[in-house]
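The values are calculated or read from the model by the stated rules, or taken from the named source; none is laboratory data. Note that this is a predicted model, so its numbers are computed, not measured. Don't worry about glycine lacking a Cβ; one is built from the backbone with ideal geometry, like all the others, and counts go over all protein chains shown.
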Amino acid sequence: MEAKLVLEDGTIFTGKGFGALESGAEGEIVFNTSMTGYQEILTDASYKGEIVTMTYPLIGNYGINEDDIESYTSHVNGFIVKEFCVQPSNWRALDKLENYLKGHGIMGISDIDTRALTKKLRIHGTMKGIITTDTDNKEKLINRAKGAPGLSGRDLVSKVTTEDSYCLEGDGYRVVLMDFGAKKNIIRSLRDEGCEVVVVPAGTSAQEILEYKPDGIMLSNGPGDPQDVPYAVETVKELLGKKPIFGICLGHQILALAFGGDTYKLKFGHRGANHPVQDLRTKKVYITSQNHGFAVEADSLDSEEVEITHSNLNDDTVEGMKHRNHPVFSVQYHPEASPGPQDSHYLFADFMELIAEETE
């Protein structure tokens with residue numbers, strides 16, 4: 001069925017609808033440069049509120065499986081591809097991409113020029129928009145696109161965090177994971193280090209977290225603007241200096257706010273599995289998996305208390321930091337990957353070493 005992608009600036013792309021056609025889609029339109037990993041992207045809670053454009057032209061060719069799911073459901077608002085594969089071919093495939101999208105109420109659009117769309121977003125920045133099969137006139141469609149919700153000004157974390165605390169047993173250190181929209185591979189990575197992982201809702205207080213007697217605290221990834229979760233920032237402020245802390249993505253941004261720093265919205269964000277990041281201490285460069293639309297303002301950090309440890313080689317944005325007086329560090333990218341390279345997985349072992357130093 002014919003479908004339209006309508007941007008708030010009045011641009012209209014006409015293509016073919018697939019997935020849950022009756023649902024339509026609205027939200028902020030972003031692009032991801034990964035060549036594979038569409039299933040992990042669909043189930044990454046950090047995409048809540050966003051319509052995702054895949055720049056790689058052929059999507060769906062290896063189908064859907066049970067192993068590459070990063071959350072309890074799909075979180076994207078809509079899905080944009082150049083071409084989607086109707087009949088996948090892969091030994092792990094249990095279903096087709098279109099069936100998966102239908103089952104989760106997500107509409108997609110294919111057969112549009114995703115290169116032209118990506119170029120527009122890079123030049124003008126991310127835009128709000130809609131995907132629809134409606135036959136409304138152009139003016140009505142553009143007004144609907146303008147009225148789509150943005151990312152700032154609303155608490156998206158509360159929509160994706162776990163409702164109840166739960167524990168995954170392990171023989172090693174006990175780590176409390178603050179779930180702002182945590183990917184499953186963060187939990188897997190901690191358990192691979194032998195950790196007992198206690199997952200708690202984003203609104204859990206510092207006192208409640210400390211009552212679990214954790215050896216360390218992990219701050220997860222998640223969606224939206226970090227300034228829209230002030231309750232999480234206040235909790236992290238209270239936890240500073242109490243236990244070793246490791247922050248990832250949104251957790252990194254929340255830490256910066258807890259340090260007294262500031263964050264800002266990027267023009268078109270970092271989303272993909274090929275972002276070069278340099279460790280400023282060793283000068284080594286790592287290829288990283290990233291998914292975020294906000295970043296830490298470097299000049300807002302007190303250099304006497306916070307050291308910037310990693311930098312993005314594409315645009316010099318802050319990719320990592322550590323506190324000089326507390327056992328706390330964080331990175332903007334995803335060391336757990338999924339999808340993406342495993343270059344930075346060593347950070348989980350570094351976290352274990354930090355915990356060991358503090359528990360001696």
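Please name all residue pairs, on different chains or six or more residues apart, with Cβ atoms under 7 Å, provided the first residue is in the stretch 347-358 and is within 13 Å of Arg174 (Cα to Cα) and the second residue is of a type in the set (A, V, I, L, M, F, W, C).
That search, which allows pairs on different chains as well, returns Phe351/Phe246.
Can you tell me how many residues in the stretch 274-328 are crowded, with 18+ Cβ neighbours inside 10 Å, within 15 Å of Thr263 (Cα to Cα) and small (Gly, Ala, Ser)?
3
Just name the residue that is nearest to Arg122 (Cα to Cα) out of those in the stretch 309-349 that are touching a Phe, Trp or Tyr at 6+ places or on another chain (Cβ under 8 Å) and charged (D, E, K, R).
Ranking the candidates gives Glu319 first.
For the stretch 269-360, which fully contained strands (runs of 3 or more DSSP E) count at least 3 residues that are farther than 30 Å from Lys213 by Cα and over 14 Å from the mean Cα position of the chain (by Cα)?
So the answer is 285-296, 306-312.
Exactly one of these conditions fails for Ile112: (1) part of a loop (DSSP other than H, G, I, E, B); (2) closer than 26 Å to Lys4 by Cβ; (3) free of Cβ contacts under 8 Å to residues at least 40 places away in the same chain. Give me its number.
So the condition that Ile112 fails would be (3).
Filtering the stretch 172-191 down to residues that are farther than 19 Å from Cys249 by Cβ and touching a residue at least 40 places away in the same chain (Cβ under 8 Å), which residue is surrounded by the fewest Cβ atoms within 10 Å (Cβ to Cβ)?
Restricting to residues being farther than 19 Å from Cys249 by Cβ and touching a residue at least 40 places away in the same chain (Cβ under 8 Å), the top hit is Gly172.
So the check is Cβ under 7 Å with 6+ separation or different chains; which pairs have a first residue in the stretch 201-212 that's on the phi < 0 side of the Ramachandran plot and loosely packed, with under 14 Cβ neighbours inside 10 Å and a second one that's modelled with pLDDT under 95 and assigned to a loop (DSSP other than H, G, I, E, B)?
none
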